[in-house]
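The block underneath contains the structure these notes are about, expressed in structure tokens.
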Amino acid sequence: MGNKLKKLGEAELEIMQVVWDSENPVTSNYILKELQGRRQWKLSTLMTSLSRLAEKGFIHCDRSTGSNLYTPIILENEYKAGASKHFLEKLYNNSIQNMIATLYSHKEIKSSDVEELRHFLDQLEEEQ
């Protein structure tokens, strides 16, 4: 993921997903409400995670309005691209073919998934 982009833990990723999914800055209470059912957190636990995300450079906290408003600094697609590259390098020796072969041989993807991927790749080539 490059030296610049740090890795998100599972809980941090869930928080970032809420922030990314919102078109407007969000409060900690909004995030807590969105995470209900997935995480049984107290506000203090969330605030600790939000502080860590700010330290890592993922979110910005605007304190000028009286309630903290959180916005993403790192865009979702930017993080996903870096995380995917890191994942591919670590687990599959930087080979998409190795990843697909492993998933296919363990029946994690079906023939229909392979067809969908083939169609997608054909479209990409046509666009170039």
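The values are calculated or read from the model by the stated rules, or taken from the named source; none is laboratory data. All values derive from a computational prediction rather than experimental measurement. Counting neighbours? That spans all protein chains shown, and the Cβs are built from the backbone with ideal geometry, glycine included. These accessible areas exclude ligands, DNA and RNA; they are computed on the full protein's heavy atoms, side chains included. Shrake-Rupley method; radii C 1.70, N 1.55, O 1.52, S 1.80 Å.
Scanning region 23-40 for residues that are assigned to a loop (DSSP other than H, G, I, E, B) and of a type in the set (Asp, Glu) gives a single hit, 23.
Quick check: is even one residue across region 65-79 touching a His at 6+ places or on another chain (Cβ under 8 Å), open to solvent by 80 Å² or more (accessible area, probe 1.4 Å), free of Cβ contacts under 8 Å to residues at least 60 places away in the same chain and more than 13 Å from residue 15 (Cβ to Cβ)? Yes - at least one qualifying residue is present in region 65-79.
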